[in-house]
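I have placed the structure first, in the form of structure tokens, so that the comments after it can refer back to it.
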Amino acid sequence: IDTAEMYAAGHAEELVSGAIKGYDREKLFIASKVWNDNLSYEGVQKAAESSLKRLGTDYLDLYMIHKPNDEFPLEETVKSLDKLVDRGLIRNIGVSNFAVARLDQARKYSVHGIKVNQVHYNLLNREPETSGLLEYCQVNNIMLSAWRPLQKGGLLDAPCELLLEISRKYDKTPAQIAINWLLSQPNVVTMSTMRNPAHIDENLGATGWNMDEADIELLRKEIPGQNAISDNVPLS
């Protein structure tokens, strides 16, 4: 479950709290994010404590910097995240929308390591590739978590012929092909909005099978309309 203090001004975390009641906490993986106004040392501590209170849980499996903010020293922010691990309030540290240089800097500051970088990445938005971020994450064993894998439905509104052709070959939907393409890459995971049970079933159908390497590379090279820089949140 991926949420953040910024989503609906904290109300999203409160909704998650209600949704997870009755579930075995150890079987859930809950991630949240600290907004970029709260990246001082004390700000991170207070934000995490507030998120935990809204979520009704004692710890977060993953806690991320939601967005870079140069008004706060990165070293101070990362040291505060390390302290949250020491306190047992979070288990893993992550960042979001970090370019290679900033991610490398954060890694050098962190005692417990940076485990995740959550970025805009899909068949159309290829900045993690063109910037070298994808390769950096793979070499340094950092998970690249791709948000907006279907480009808010933009990949599906009028699927290109190549995507339809690959879909027919594997007897999968275009959405399943787009998600599977991300998952086929080392150190890449993704998350997609699921608004109803049908979405859940379709997204789950993107897992448990593999495309041929030739088709993966065909999609990488030939999908039309690719952007070298995110049209929503560029890396920084």
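Legend: Rg and Dmax of the chain, from Cα coordinates, 18.2, 54 Å. The residues neighbouring H66, those whose beta-carbon lies less than 9 Å from its own, together hold a net charge of +1 under the Lys/Arg +1, Asp/Glu -1 convention. Considering only trypsin sites (Lys or Arg not before Pro) in DSSP loops that have at most 13 other Cβ atoms within 10 Å, the longest stretch of the chain without any of them is 88-194.
Can you tally the net charge around N203? Count Lys and Arg as +1, Asp and Glu as -1, for every other residue whose Cβ sits under 14 Å from the Cβ of N203. Could the numbers behind the result be given before it?
Numbers: positive: R148, K172, R195; negative: D2, D201, E202.
Summing Lys and Arg as +1 and Asp and Glu as -1 gives 0.
With semi-axes defined as the square roots of five times the eigenvalues of the C-alpha gyration tensor, the equivalent ellipsoid of segment 33-75 measures 20, 10, 8 Å, largest first.
Whole-Hz Karplus values for segment 126-137 come out as 10, 4, x, 7, 5, 8, x, 5, 4, 5, 4, 5 Hz, taken residue by residue from phi with 6.51 cos²θ - 1.76 cosθ + 1.60 and θ = phi - 60°; glycine and proline positions read x. Extension gain for A198-N210 works out to 2.1 nm (0.36 nm per residue, less the C-alpha to C-alpha distance). For W147, the residues whose amide H sits under 5 Å from its own are V119, H120, Y121, ignoring neighbours fewer than 5 places away on the same chain, with H placed 1.01 Å from N. Whole-percent P(r), segment 1-141, all Cα pairs, 5 Å bins from 0: 2, 10, 21, 22, 19, 14, 9, 3, 0. Around the amide H of L60, modelled in the peptide plane, lie the amide H atoms of I90, R91, all under 5 Å away and 5 or more residues distant in sequence or on another chain.
In order along segment 55-61, phi translates into HN-Hα couplings of 7, x, 9, 8, 7, 10, 6 Hz, rounded to whole numbers, per the Karplus curve 6.51 cos²θ - 1.76 cosθ + 1.60 with θ = phi - 60° and x for Gly and Pro.
Against the main long axis of the alpha-carbon atoms of the chain, helix 11-20 sits at an angle near 80°.
Please state, as a whole number in µm²/s, the translational diffusion coefficient that the Stokes-Einstein equation yields for segment 1-72 at 4 °C and 1.567 mPa s, with Rh defined as the Kirkwood radius across alpha carbon pairs. Mind showing how you got there, number by number?
On the way: Rh = 12.3 Å.
So the translational diffusion coefficient is about 105 µm²/s.
Of all the options L164, L124, L89, the one that moves most in a Gaussian network model of the chain with Cα springs shorter than 10 angstrom is L164. Close amide H contacts of N227 (hydrogens built in the peptide plane, cut-off under 5 Å, sequence separation of 5 or more or a different chain): N125, R126.
Binning all Cα-Cα separations of segment 60-166 at 10 Å, short to long from zero, yields these whole-percent fractions: 14, 41, 27, 12, 5, 0.
Using the Karplus curve 6.51 cos²θ - 1.76 cosθ + 1.60 with θ = phi - 60°, what ³J(HN,Hα) values do you get for each residue of segment 91-105, in whole Hz, with x for Gly and Pro? So the Karplus estimates, Gly and Pro as x, are 9, 9, 9, x, 9, 9, 6, 8, 6, 4, 4, 5, 5, 4, 5 Hz. Computed extension gain for S50 through D24, at 0.36 nm per residue and net of the alpha carbon distance, reaches 7.2 nm. Placing one equal scatterer on every Cα of segment 118-236 and applying the Debye formula, the log10 ratio I(q)/I(0) at q = 0.10, 0.13, 0.19, 0.20 Å⁻¹ is -0.27, -0.47, -1.04, -1.16. A cut-off under 13 angstrom between Cβ atoms defines the neighbours of Y109, and their net charge, with Lys, Arg +1 and Asp, Glu -1, is +1.
Read-outs: derived from the displayed coordinates by stated rules, not from any lab. Computed from a predicted model, the values in this text were never measured in an experiment. Methodologically, a virtual Cβ is constructed for each residue, glycine included, from the backbone with ideal geometry; neighbour enumeration extends over all protein chains shown.
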